[in-house]
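Quick notes on the structure that follows.
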Amino acid sequence: LPQVIPGNTVTSNNAGGEDFATIDLRGLGATRTLVLINGERVPPSSVSGAVDLNTIPAGLIERVDVVTGGASAVYGSDAISGVVNFILKDDYEGGEITVRRGATTDGQLAGSEIVTGLFGGNFDDGRGNATMFVQYSNQDGVLQREFDYSRVSAALMYGYDYDTGYMNG
């Protein structure tokens, strides 16, 4: 969607942040985007008011509804930039296991693996449902110095003096 700007992601770790995934509608900030699960507000994950999307089990998401126009009239000032409503599967029956592995194109850096399991079933003649979602993930870090084009920081290239705190020249 063109109105969605990703918040903190694995590709923006040098920019700082709160170490979790957020959603930012219209570029107004993650704290101005209201996150709902099945129409209910999700409590903030930090004192900033942002919601960590990693707390929503990906395997249980049925669909995502996005409202960007006039949402604050309905939901209040929490939804100035809009509302993202995650609709979860509420009657899941069966099981699935997903395994994903990856690395950089040369296969040498940033190895990652994710294993997820989703299991569920109905009981009491369809009046109840129990669902379980588990996930294991591991991602290797990539350091700035591992690439020729980023090995030397701009501060060193342009003569930053760490003793005085000023640029030389």
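The values are calculated or read from the model by the stated rules, or taken from the named source; none is laboratory data. Please read all numbers here as calculations on a predicted model, not as lab measurements. Quick reminder, even Gly has a Cβ in these numbers, built from the backbone with ideal geometry, and neighbours come from all protein chains shown. Please note that ligands, DNA and RNA were not included when accessible areas were found on the heavy atoms of the full protein model with its side chains. Shrake-Rupley method; radii C 1.70, N 1.55, O 1.52, S 1.80 Å.
Below, the figures for the structure above:
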read-out	value
Accessible surface of the stretch 73-131, 1.4 Å probe, proportion on carbon and sulfur as whole %	49
Average accessible surface area per residue within the stretch 50-101, 1.4 Å rolling probe, Å²	59
Neighbourhood charge, 15 Å Cβ-Cβ cut-off, centred on residue 130 and excluding it, Lys, Arg +1 and Asp, Glu -1	-3
